[in-house]
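A short write-up of the structure that comes next.
The values are calculated or read from the model by the stated rules, or taken from the named source; none is laboratory data. None of these values were measured; they are calculated from a predicted model. FYI the Cβ positions are ideal-geometry reconstructions off the backbone, even for glycines, and counts take in every protein chain you see. The protein model used for the area step is the full one, side chains on, heavy atoms only, and it has no ligands, DNA or RNA in it. Shrake-Rupley method; radii C 1.70, N 1.55, O 1.52, S 1.80 Å.
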Amino acid sequence: MAYARSKTSLLISFEGIEGSGKSTQIQLLKEYFSKKSYQVHVLREPGGTTFGEKLREAILSSSEPIHPLAEAHLFASSRAQLIYQKILPALQNEKTVVIMDRFIDSSLAYQGIARSLGFEAIEKLHQNEPLTIRPDFTFYLKIDVPTSFARQKSRGNQKDYFEKEKEEFYQKLIHGFDLCHEKFPKRFRLINGNQDPKAIHEEIQGILNV
Ligand code: TYD
């Protein structure tokens, strides 16, 4: 499966704990690129394909604890299908941007650190094609745990599998994302998620310089 990536294509991912404001930033970035006549694809993980949406449902609506290794493989499975079916074909085209609502770094933080499988174990899981692809830029919208809980409460939706987790789990997630920033400083950009959405968007535009 050889795909030639066009030089004017971009793969961008957004990361953060629950309530970090990813959706708002993804929408703003989508509009920004559309105005510049880019083809924009917004995809979410887990999901984004018929197969992946089934896996998403299996994980997020589970009423019984799932083993961390099963979790990690389910997410990787959904990701492999999404890369194969949607991401790589899209990136062949000129002036195309694929914006991901979560990608590999979520697995590193959630399964690797918060679920204690280990950062390296998750990296290892992503050593084979097509899981070797990495975003050109990842924007990590960093907020603290009280902010996350307050935003989750104000949304008032029914809690999914991960939203039921307690403070300690969220602290580990933040540690996991901080590790990503330490290990991949060029790609994984830390953004203060407490800022006004417009200010965050401008910071992102400045980094992308498109
Ligand atoms: P979603 O409703 O999309 O959450 P959010 O709006 O916060 O992005 O649910 C995705 C959940 O799955 C989220 O809690 C993070 C988790 N997740 C992992 O644990 N590992 C992964 O690799 C990915 C992609 C997501």
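Within the range 42-67, being β-branched (Val, Ile, Thr), open to solvent by 50 Å² or more (accessible area, probe 1.4 Å) and within 11 Å of the ligand (Cβ to nearest atom) holds for no residue.
Among the candidates ALA80, ALA4, ALA70, ALA76, single out the residue that is near the ligand (Cβ under 10 Å from one of its atoms) and farther than 30 Å from ALA150 by Cβ. Spell out the reasoning first.
Values: ALA80 fails: near the ligand (Cβ under 10 Å from one of its atoms); ALA4 fails: near the ligand (Cβ under 10 Å from one of its atoms); ALA70 fails: near the ligand (Cβ under 10 Å from one of its atoms).
Result of the check over ALA80, ALA4, ALA70, ALA76: ALA76.
If a residue must be of a type outside the set (S, T, N, Q), outside any loop (DSSP other than H, G, I, E, B) and farther than 15 Å from ILE87 by Cβ, how many such residues does the range 1-31 contain?
Of the residues in the range 1-31, 7 are of a type outside the set (S, T, N, Q), outside any loop (DSSP other than H, G, I, E, B) and farther than 15 Å from ILE87 by Cβ.
Go through the range 155-193 and count every residue that is on the phi < 0 side of the Ramachandran plot, over 18 Å from the mean Cα position of the chain (by Cα) and at pLDDT below 95. Looking only at that region, the number is 8. Which residues, taken from the range 7-27, are touching a Ser or Thr at 6+ places or on another chain (Cβ under 7 Å) and away from the ligand (no atom under 16 Å from the Cβ)? Once the filter is applied, which keeps residues that are touching a Ser or Thr at 6+ places or on another chain (Cβ under 7 Å) and away from the ligand (no atom under 16 Å from the Cβ), the range 7-27 yields only SER9.
If only one of ILE113, ILE104 is open to solvent by 20 Å² or more (accessible area, probe 1.4 Å), within 13 Å of the ligand (Cβ to nearest atom), touching a His at 6+ places or on another chain (Cβ under 7 Å) and modelled with pLDDT of 95 or more, which one is it?
Numbers: ILE104 fails: open to solvent by 20 Å² or more (accessible area, probe 1.4 Å).
Sole residue among the options that is open to solvent by 20 Å² or more (accessible area, probe 1.4 Å), within 13 Å of the ligand (Cβ to nearest atom), touching a His at 6+ places or on another chain (Cβ under 7 Å) and modelled with pLDDT of 95 or more: ILE113.
State yes or no: is ARG151 closer than 23 Å to LEU29 by Cβ and either surrounded by 14 or more Cβ atoms within 10 Å (Cβ to Cβ) or free of Cβ contacts under 8 Å to residues at least 12 places away in the same chain (or both)? Explain how you work it out, then say what you get.
Working: closer than 23 Å to LEU29 by Cβ: yes; either surrounded by 14 or more Cβ atoms within 10 Å (Cβ to Cβ) or free of Cβ contacts under 8 Å to residues at least 12 places away in the same chain (or both): yes.
It is true that ARG151 is closer than 23 Å to LEU29 by Cβ and either surrounded by 14 or more Cβ atoms within 10 Å (Cβ to Cβ) or free of Cβ contacts under 8 Å to residues at least 12 places away in the same chain (or both).
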